[in-house]
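Values quoted throughout were computed directly from the atomic coordinates according to the rules given, and no laboratory measurement underlies them. These numbers come from a predicted model, not from an experiment. Reconstructed Cβ throughout: ideal geometry from the backbone, glycine too, with neighbour counts over all protein chains shown.
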Amino acid sequence: MLIGMHLDDAPMNRFHVRVAAYTTGGYFCDGYSLGSIGLVIPMISGPMGLGPVWQGLIGASALVGITLGALIFGPITDRVGRQKILVFDLVVFVVASLAQLFVQEPVLLLVLRLILGLAMGADYAIGPALLAEFVPARRRGSLLSSLNMVWTIGFVASYGVGLWLQAAGGDDAWRWMLASGAVPALATLMLRLGTPESPRWLVAQGRVEEARKIVKTYIGPEYDVDTAPPSAEPPRYRELFSARYRKRLIFAGVFWLCQVFPYFGIGTFLPSVLGALGMGDGLTGEIWYNVILAVGAVAGFLIMDMLPRRRFTIWSFAIVAIALLMLAVRPDGPIGYVLPTLLVLALVISAAADLESVYPAEVFPTEVRASGVGLAAAISRVGAALSTFVMPTILAGAGIGVTMFVLLAVVLAGLVVSVLYAPETRRVRLSEAAGVVVERSGA
């Protein structure tokens, strides 16, 4: 039953902006922390005696943590609520970031990066679910895509701050690079304190009056939420593997994995990739690549609600595949061939990455949304961790051409899964998410 105008139909107000700020703030912190390690690894490899295996382990440690964090905290969030975990994960993030100042051995850095990953994984499960459950339907795509846009800005910002700290000199510059992630995390934590619980989650728990009070206080007195009675039993995690949700889970997890595999594989070891492509010290290429990543993220945000989700996904995979094929076939080509190809890849892969914070939150209903998003994030981070771990070894042992072919194979797998299973969810109400079906026409 619905009394008054629906939450989905409300106009944007200051509270929506605050929700967007404190959810995207967490993603900025995640991107910043993951980006900073790419600059730090070359700086500490000599002093700490890190070979390719240790470099891969430290690069992948936070991604492994994200996998575990998303798996653990997604179901917890669906049971205990969004807001409590949203505050807790940033407290952990701040403490672990600052603790990196005192690292002396690679084992401790590995452990701290794993803890940071756990906190990030919780945010990956909660952020899209909470934002999707508050914002109006007509703005949901662009606001959800802003999560990944801000993540990319954080990733690129870490590179800029890292270069500045590196230029300042000193043996401890890398420590400050890693610990500086505590600054945006603390600012975001302040925004999250005292914020309300998701009214949709409260309704799913049968706490209808609490939900209505939040909607009327923060959205407007004329708005309400669906008040269908909650399920007789709490949602079970295994429901995600049932026939009802299986195809959605396969799509959400696999398309996300196949996008982040080349993103992290190239981005984390960009100096080595550029060197292997014959671009010298690669500084100019590094700067251009990171600038284009930021441009792509903003472009994805701007066009998110203009394009059908399914078509955007399929065509972005196709373009990235063509770019990787060009680099794989002619890795020793002239800079006028290699650099533009690499920049097109960066632009498209970054724009399409905005879908990662949109699609999973739209294909699962409220009662299993955080669990579904968390599991999809965990699947994706298996790919990101694997890519980050094996990239130095493949690059050193087989060369850049074979490396590009490996990335191409993963992207083609994502293209196939998207053609088979990608649903169209643009402007679908969250209350209708349970009825989302795959539409194969118009790809």
Considering only L108, G59, I76, whose Cα is most displaced toward the positive end of the charge dipole of segment 1-109, charges sitting on Cβ of Lys, Arg (+1) and Asp, Glu (-1)? I76
Taking H as built 1.01 Å from N, whose amide H comes closer than 5 Å to the amide H of H6, not counting residues under 5 places away? D224
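If I stretch the segment between L108 and K84 completely, what's the gain in nm (0.36 nm per residue apart, minus their alpha carbon distance), one decimal? Spell out each step's value before the answer.
Numbers: separation 24, 0.36 × 24 = 8.64 nm, distance 2.82 nm.
Contour length minus Cα-Cα distance gives 5.8 nm.
Hydropathy first: keep DSSP H helices in the chain averaging at least -1.0 on Kyte-Doolittle, then drop any whose Cα extent along the axis falls short of 27 Å, and list what survives.
Working: long enough: 14-48 (49 Å, 0.58); 52-80 (41 Å, 1.18); 106-134 (41 Å, 1.66); 137-168 (47 Å, 0.59); 246-268 (32 Å, 0.80); 283-303 (30 Å, 1.65); 309-329 (30 Å, 1.53); 369-398 (42 Å, 1.20); 400-421 (32 Å, 2.62).
In the chain, the long hydrophobic H runs are 14-48, 52-80, 106-134, 137-168, 246-268, 283-303, 309-329, 369-398, 400-421.
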Quick one: 3J(HN,Hα) in Hz for segment 194-201, Karplus 6.51/-1.76/1.60 with θ = phi - 60°, rounded, Gly and Pro as x. x, 7, x, 6, 5, x, 5, 5
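Given +1 on the Cβ of Lys and Arg, -1 on the Cβ of Asp and Glu, and no further charges, what dipole in debye does the chain carry about its Cα centre, rounded to the nearest 20? Present the calculation step by step, with values, prior to reporting the outcome.
Working: 32 positive and 29 negative charges, 169 e Å.
Dipole size: approximately 820 debye.
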Positive end of the charge dipole of the chain (Lys, Arg +1 and Asp, Glu -1 on Cβ, about the Cα centre): tell me which of W201, I126, T393 has its Cα farthest that way. W201
Given a Förster distance of 51 angstrom, what is the FRET efficiency for I303 paired with D172, based on the Cβ-Cβ distance and rounded to 0.05? 0.75
Amide H proximity to Q205 below 5 Å, modelled H, separation 5+ or other chain, gives none
